[in-house]
Amino acid sequence: MRKNIVAGNWKMNKKFDEADDLINGILTELEETELGENTLMILCPPFPYLEMCSDYSNDSYFAVGAQNVNDNERGAYTGEISAEMLESMEIEYCIVGHSERRAYYGETDAMIARKVDRLLEHNIRPIVCCGEVLEEREANKQFDVVKRQITDGLFHLSAEQFGQIVIAYEPVWAIGTGKTATPAQAQEIHAFIRNLIAEKYGKQVADETSILYGGSCKPSNAKELFANPDVDGGLIGGASLQVEDFVNIAKAF
Ligand code: PEP
């Protein structure tokens, strides 16, 4: 059965002590209230806090993910982080192709495909983001855009490799804007994505792939979004920086 996942993308936020407080706060909440049996929480802090996060996760209340990885194996790439390094720190997940990286750092679908390859070579599960910008939604091009991103970024994988992928559909117009896709809009495109996967890899692979929604997801709308049959959780930005909000979203299944 595919997992319900709630992943917190902290982006470039929190000083060291604040990060420590956030993780501790989440742990305290989780010690008091259990999440659903099929629910997985993933924390994706900035690189410098991965180790602290992993140390806290030893009691396995949550998994830990990075927010980015370099597409090369190793070498003279000043300031970059490799999949090999993440694996050596026992990091289990990594966000790839977030719209902020596509927009500000010129990440292309081809680069995202290489990042996915590096991660899989090092046993790290990619959380691969896709989604259209506002003008594309207004021109009703969201299906074409998402199809291109998934085809070019992921469809070179074998079915076995694809089984390691988590997809995050994140309409760019909803990220950090307070504007959320309606549950019907989310369901429509999530079903489209699952169908694309089924056409390429078969129904079983498609049924087992977790497809997350991202974009101004909060405790007040999470239940309605997650109630859809093809929405398997969320990639959460702003609300993952607040203990109560994040834990309440994780309890919304
Ligand atoms: C994100 O950046 O992945 C995201 C979903 O952000 P927010 O929840 O703040 O819209």
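The values are calculated or read from the model by the stated rules, or taken from the named source; none is laboratory data. The structure displayed is predicted, hence computed values, not measured ones. With ideal geometry, Cβ positions are generated from the backbone for all residues, glycine too; neighbour counts draw on all protein chains shown. Remember, those area values only see protein heavy atoms, side chains included, never the ligands or the DNA or RNA. Shrake-Rupley method; radii C 1.70, N 1.55, O 1.52, S 1.80 Å.
Tabulated data
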read-out: Residue match in segment 89-100 (condition: surrounded by fewer than 13 Cβ atoms within 10 Å (Cβ to Cβ) and either free of Cβ contacts under 8 Å to residues at least 24 places away in the same chain or closer than 26 Å to Tyr201 by Cα (or both)); value: no
read-out: Subset of segment 220-250 [within 12 Å of the ligand (Cβ to nearest atom), open to solvent by 10 Å² or more (accessible area, probe 1.4 Å) and touching a Lys or Arg at 6+ places or on another chain (Cβ under 9 Å)]; value: Gly237, Gly238, Ala239, Leu241, Asp245
read-out: Where a residue in segment 194-207 is within 14 Å of Phe143 (Cβ to Cβ) and its partner, wherever it lies, is open to solvent by 80 Å² or more (accessible area, probe 1.4 Å), with Cβ under 8 Å and at least six apart; value: Leu196/Lys147
read-out: Some residue of segment 103-112 being surrounded by fewer than 17 Cβ atoms within 10 Å (Cβ to Cβ), free of Cβ contacts under 8 Å to residues at least 60 places away in the same chain, within 16 Å of the ligand (Cβ to nearest atom) and assigned to a loop (DSSP other than H, G, I, E, B); value: yes
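Yes or no, residue by residue, for (1) farther than 20 Å from Cys94 by Cα; (2) surrounded by fewer than 18 Cβ atoms within 10 Å (Cβ to Cβ); (3) free of Cβ contacts under 8 Å to residues at least 24 places away in the same chain:
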position: Asn9; (1), (2), (3): no, no, no
position: Ile23; (1), (2), (3): no, no, no
position: Cys44; (1), (2), (3): no, no, no
position: Glu51; (1), (2), (3): no, yes, no
position: Ser60; (1), (2), (3): no, yes, yes
